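Some notes on the structure that comes next.
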Amino acid sequence: MEKLIIEGRKPLFGNVQISGAKNAALPLIAATLLTGGIHTLTNVPDLRDTRTILRLLESLGITWERQGATLRIDSTNVTYSEASYELVKTMRASVLVLGPLLARLGKAKVSLPGGCAIGARPINFHIKGFEQFGVTCRLEQGYVDAEIDGRMQGCSICFDVPSVTGTENLLMAATLAQGTTIIKNAAREPEIGNLVDMLISMGADIEGRGTDCLMIHGVERLHAAENEIIPDRIETGTYLIAIAATAGAATVTHCNPRHLPSLLDKLRAAGMMVTEMENAITLDATGGGHIKSVDITTMPYPGYPTDLQAQFMALMALSEGVSMVHETIFENRFMHVAELHRMGADITIDGHTSVIKGIGRNGFNGAPVMATDLRASSSLVIAGLAAQGRTEISRIYHLERGYERMVEKLTALGAIVWKEKE
């Protein structure tokens, strides 16, 4: 295993280019299972998670090749319908193969997912939806064993709360169901819009893109197509927060500012100068002022994203004043707090709320810390960049699940950061 070493207190300056979105690439890769042919995906990030789902699809019969950020997937010979625990256990998004396999083969056996330990994240939304399609689902020995005789039947599905992977899974299955399917209270994240665009390019008939009500008119068959992965809004937000925490000034390029309305508002409220362009965002934190305390509550899109909660908490720990972070999406997403304490943060947890007493912009001190999940690990990187002295972050395989070439990108911005063997 490797650890990340950061010599802190170096303001970030320059430009950083954002990669394709992990959370868009995974469902789009899974969608290639819906039909045979050679699919082309561009702007695909090379991450631990994308490599994992490609290994999973290989086990189902696909072949693929990568040239830079372009991925070509041949799904002609998909004949297997079982996704084993060994492949699924490291990544919860693996459950996204369930819908496409059911739609194409009429059966699927998928291990209950693993991944980051940030809460239960049950897949009951998926199972209840498939049962409404007429699918028989059994939970046996840690697997979802699902089967239907003939085509799935269109139906009306209403989520109690918006579920991103639930929406994606049922959306993919509905494209080949008989009749019309309506998904109410659907998640509206940009990554779902990216998936809708791909499915339409494959021949699907979908109405309601970008809304919380999707209407899918099932078609007899789909065809292979070419699609581009949208920029990663979570990577974008992580670098913006890092620039703010280090009192730097830099431009994040190849991104979409319209995908981060809540974060940009919060950064401005914290005293940052934020300039939005068509495909770039500049953040200037060199004015010499204090970081202002700002409260956040994580919400489904377009609210504040849970995947940027830990990073913003690291920034608020450096503020002047008291702020509150209320987590409404995942119940265990404060595991980074104990590690931030090791660096000097003053944070108290009360149920789903954290109270942060700011210690000032220069309050962090470097320390050995441990990453507990993907987004927690990026909050520790931000803290390390702002800290006095050296920070060593262990278990950075979490970080590599979602951030492409982070060491290279941070180094280009002027950070002193490198990897070493544990």
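The values are calculated or read from the model by the stated rules, or taken from the named source; none is laboratory data. The model shown is predicted, which means the values in this text are computed figures rather than measured ones. Cβ coordinates were reconstructed from backbone atoms using ideal geometry, including for glycine residues, and neighbour counts include every protein chain displayed.
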Quiz item: Out of the stretch 395-422, which residues are in contact with a strand residue (DSSP E or B) (Cβ under 6 Å, 6 or more places away or on another chain) and within 17 Å of Val337 (Cβ to Cβ)?
Solution: Arg395
Self-check item: Residue satisfying all of: in the stretch 11-24; within 13 Å of Tyr403 (Cα to Cα) and small (Gly, Ala, Ser); farthest from the chain's Cα centre (by Cα) among these
Solution: Ser19
Quiz item: Got at least one residue in the stretch 177-200 being part of a loop (DSSP other than H, G, I, E, B), within 30 Å of Pro45 (Cβ to Cβ) and over 24 Å from the mean Cα position of the chain (by Cα)?
Solution: no
Quiz prompt | Number of the exception - Ile291 against (1) under 24 Å from Lys409 (Cα atoms); (2) of a type in the set (A, V, I, L, M, F, W, C); (3) surrounded by 23 or more Cβ atoms within 10 Å (Cβ to Cβ) | solution = (1)
Practice problem: Considering (1) under 16 Å from Ala386 (Cβ atoms); (2) over 23 Å from the mean Cα position of the chain (by Cα), say which one Thr238 fails and leave the rest. | Solution: (2)
Practice problem: Please verify whether the stretch 315-327 includes one or more residues that are touching a residue at least 60 places away in the same chain (Cβ under 8 Å) and under 25 Å from the mean Cα position of the chain (by Cα). | Solution: yes
Quiz prompt | Any chance Thr275 is surrounded by fewer than 22 Cβ atoms within 10 Å (Cβ to Cβ) and either touching a residue at least 24 places away in the same chain (Cβ under 8 Å) or within 21 Å of Thr165 (Cα to Cα) (or both) | solution = no
Quiz item: Which of (1) without any contact (Cβ under 8 Å) to a residue 60 or more places away in the chain; (2) touching a strand residue (DSSP E or B) at 6+ places or on another chain (Cβ under 7 Å) does Thr251 not meet, given it meets every other one?
Solution: (1)
Exercise. List every residue pair whose Cβ atoms lie under 9 Å apart, where the two residues are 6 or more positions apart in sequence or sit on different chains, the first residue falls within the stretch 141-153 and is within 21 Å of Ser94 (Cα to Cα), and the second residue, located anywhere, is in a loop (DSSP other than H, G, I, E, B) and of a type in the set (Phe, Trp, Tyr).
Key: Ile148/Phe133
Exercise. Among the residues of the stretch 10-40, count how many are surrounded by 17 or more Cβ atoms within 10 Å (Cβ to Cβ) and either hydroxyl-bearing (Ser, Thr, Tyr) or at positive phi (or both).
Key: 3
Self-check item: Qualifying position, being assigned by TED's automatic domain parsing to the domain that holds Met324 and farther than 28 Å from Ile329 by Cα, among Thr297, Thr282
Solution: Thr282
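Residues checked against (1) hydrophobic (A, V, I, L, M, F, W, C); (2) farther than 11 Å from Phe133 by Cα:
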residue	(1), (2)
Asp149	no, yes
Met152	yes, no
Cys155	yes, no
Asp160	no, yes
Ser163	no, yes
Leu171	yes, yes
Ala174	yes, no
Ala177	yes, no
Ala187	yes, yes
Practice problem: Would you be able to tell me the number of residues in the stretch 1-30 that are modelled with pLDDT of 95 or more and outside any loop (DSSP other than H, G, I, E, B)? | Solution: 20
Exercise. Inspect all residues belonging to the stretch 52-70 and state whether any of them is in contact with a helix residue (DSSP H, G or I) (Cβ under 9 Å, 6 or more places away or on another chain), buried (at least 21 other Cβ atoms within 10 Å of the Cβ), among the aliphatic types (A, V, I, L, M) and farther than 14 Å from Leu33 by Cβ.
Key: no
Quiz item: Can you name the residue in the stretch 374-397 that is surrounded by fewer than 22 Cβ atoms within 10 Å (Cβ to Cβ) and more than 17 Å from Ala244 (Cα to Cα) and, of all such residues, is farthest from the chain's Cα centre (by Cα)?
Solution: Gly389
Practice problem: Name every residue in the stretch 177-204 that is farther than 21 Å from Phe125 by Cβ and among the acidic types (Asp, Glu), in order of residue number. | Solution: Asp197
Quiz item: Residues that are closer than 25 Å to Thr180 by Cβ and at pLDDT below 95: which helices (runs of 4 or more DSSP H) entirely in the stretch 31-142 hold 3 or more of them?
Solution: 124-132
Quiz item: Which ones in the stretch 139-176 are under 30 Å from Arg233 (Cβ atoms) and of a type in the set (A, V, I, L, M)?
Solution: Val144, Ile157, Val161, Val164, Leu170, Leu171, Met172, Ala173, Ala174, Leu176
